[in-house]
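Engineer: Here it is, the structure in full.
Read the figures in this text as sums done on the coordinates, not as results from a lab. If you're wondering where the values come from, they're calculated on a predicted model, not measured in any experiment. Glycine also receives a Cβ, built like all others from the backbone with ideal geometry; neighbour counts cover every protein chain displayed.
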Amino acid sequence: MRSFFLWLSRQRLLRSWMESSSTARVLTKRFIAGNTLADEIAVSKELNADGILVALDHLGENVSTLDEATISRDHYLEAFRAIESEKLQASASIKLTQFGLDFSREVCLSNVVPLMEQARRLRTRVEIDMEDSSYTQRTLEIVEELHERYGCVRAVIQAYLHRTDADIERMNSLGIPVRLCKGAYRESAAVAIQDKLGVDANYVKQMYKLLDFGVYPAIASHDEAIVREALRYVKDRGYPAHRFEFQMLHGIRRDLQKHVVQAGYNLRLYVPYGEAWYPYFMRRLAERPANVWFLLRNMARA
Ligand code: FDA
């Protein structure tokens, strides 16, 4: 089932049909703030009022023209203006293929640098989402360059990859903040751990290394056992709450989100908006096929 949804997420024709469908809002409302920046601002303000930080994500990936990459940049520059004018407690989360990585590193950097300048000025951060493993090395090289030039960047490392142990060591040694997630793409056994228990065990191992030696790491998971283990680990060692943050996705495990905030820890929610919702949405279905029933119920109600 998981593989089927991940395969669906890459079907371009289905994607363009779905994204232009009038029932899209009904399908996506659980996971996505809305189509516009105004929708994103409204959701972010509510979350900030509840003491929750936000990572704004303007949906999009694998752009196919240089103009689309420039448009992505402009969307984020508009988002930074909103962060400033609305005084949002928010970072920006981006995918490098949205900024032209499929064309060249230079194109990509020329589109990302204006965002870094804004993030540094506003004392926030650009978080660089990790895409499939064909992008891992290139993405981390760009993160390292941005860290050296601007500082205000966060890498994302996926616990399912075999290379992760070495990547965490390197990010820690360079002082680069990391968001640790399990990994959301379909990967072969050559590059990634295939079973859930193995991924979870590696997640916990890397989480300890980040909490001990990392710079303001982000523990990004809705796995209750992992969140509770993180809480136990930091309490046992007396690590203060401001030393790291939890991250979760908008619309997932609101009960756990509440628990973390009530316990006095920092929580940042990843809140996507925009019209290019299809691949993101399919990855959320792949993670939990039970979401399909939720979807069908909403479609029946619409
Ligand atoms: P797991 O999949 O084991 O789920 C634990 C529990 O969480 C489930 O039992 C269920 O209750 C709930 N849950 C999880 N997913 C759900 C869903 N879709 N719908 C409903 N309930 C769900 N990946 C990546 O490859 N690159 C990236 O850059 C990022 N970025 C990112 C940012 C943030 C803030 C988060 C939280 C996650 C990501 N991810 C990601 C996604 C990540 O790799 C992973 O696919 C999901 O977080 C699901 O894994 P969990 O750790 O939640 O555990």
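Engineer: Give a residue-ordered list of calculated ³J(HN,Hα) values for segment 35-52 (Karplus: 6.51 cos²θ - 1.76 cosθ + 1.60, θ = phi - 60°; whole Hz; x for Gly, Pro).
Structural biologist: Each residue's phi maps through the Karplus curve to give 7, 10, 4, 4, 4, 4, 4, 4, 5, 4, 5, 4, 5, 4, 4, 8, x, 10 Hz.
Engineer: Using θ = phi - 60° and the Karplus relation 6.51 cos²θ - 1.76 cosθ + 1.60, list the HN-Hα couplings for segment 118-131 in order, rounded to whole Hz, with x at every Gly or Pro.
Structural biologist: 5, 4, 5, 4, 8, 6, 10, 9, 9, 9, 9, 3, 9, 9
Engineer: Consider just the alpha-carbon atoms of the chain and return their Rg together with their Dmax, both in angstrom.
Structural biologist: Computed over the Cα atoms of the chain, radius of gyration and Dmax are 18.2, 52 Å.
Engineer: While we're on this one: Checking the cross-link filter: which lysines have an alpha carbon closer than 22 Å to that of Lys95, excluding same-chain neighbours under 8 positions apart?
Structural biologist: Lys29, Lys182
Engineer: Search the structure for amide H atoms under 5 Å from the amide H of Ala55, placed 1.01 Å from N in the peptide plane, and list their residues when 5 or more places away or on another chain.
Structural biologist: Ser91, Leu269, Tyr270, Val271
Engineer: Under 8 Å for C-alpha pairs, at least 6 residues apart: give me the relative contact order for the chain, rounded to a whole percent. Each step should come with its number before you reach the end.
Structural biologist: On the way: 479 pairs, mean separation 79.3, N = 302.
It comes to 26 percent, rounded to a whole number.
Engineer: Of the peptides 236-243, 249-256, how do they stack up when ordered by the mean number of other Cβ atoms within 10 Å, highest first?
Structural biologist: Packing order, densest peptide first, comes out as 249-256, 236-243.
Engineer: While we're looking at this one, here's another question. For the ranges 33-40, 50-57, what's the packing order if you count other beta-carbon atoms within 10 Å of each residue, average per peptide, and put the highest first?
Structural biologist: Highest to lowest by the protection proxy: 50-57, 33-40.
Engineer: While we're here: Return, for the Cα atoms of segment 1-87, the radius of gyration and Dmax in Å, separated by a comma.
Structural biologist: 15.3, 44
Engineer: What does DSSP give for segment 150-288 in terms of the percent of beta bridges that are antiparallel, rounded to the nearest 5?
Structural biologist: Bridges in segment 150-288 that DSSP calls antiparallel: roughly 5 percent.
Engineer: Among bridges DSSP assigns within the chain, what percent are antiparallel (round to 5)?
Structural biologist: 5 percent
Engineer: Go ahead and estimate [θ] at 222 nm for the chain from helices alone: -39,500 (n - 2.57) per DSSP H run with n ≥ 4, summed, over the residue count, rounded to 500.
Structural biologist: -16500 deg cm²/dmol
Engineer: Cut-off under 16 Å on the C-alpha distance; same-chain residues fewer than 8 positions from Lys45 excluded. Which lysines are left, in chain and number order?
Structural biologist: Lys87
Engineer: Under 15 Å from the 7 Å Cα→Cβ point of Glu145, by amide nitrogen: which residues of segment 105-133?
Structural biologist: Correct set: 105-117.
Engineer: For a protection proxy built on the mean count of beta-carbon atoms within 10 angstrom, sort 2-12, 115-125 highest first, please.
Structural biologist: Those peptides, ordered most packed to least, come out 115-125, 2-12.
Engineer: Taking amide H atoms as placed 1.01 Å from N in the peptide plane, list the residues 5 or more away in sequence, or in a different chain, whose amide H sits under 5 Å from that of Ala220.
Structural biologist: Result for Ala220 returns Leu180, Gln247.
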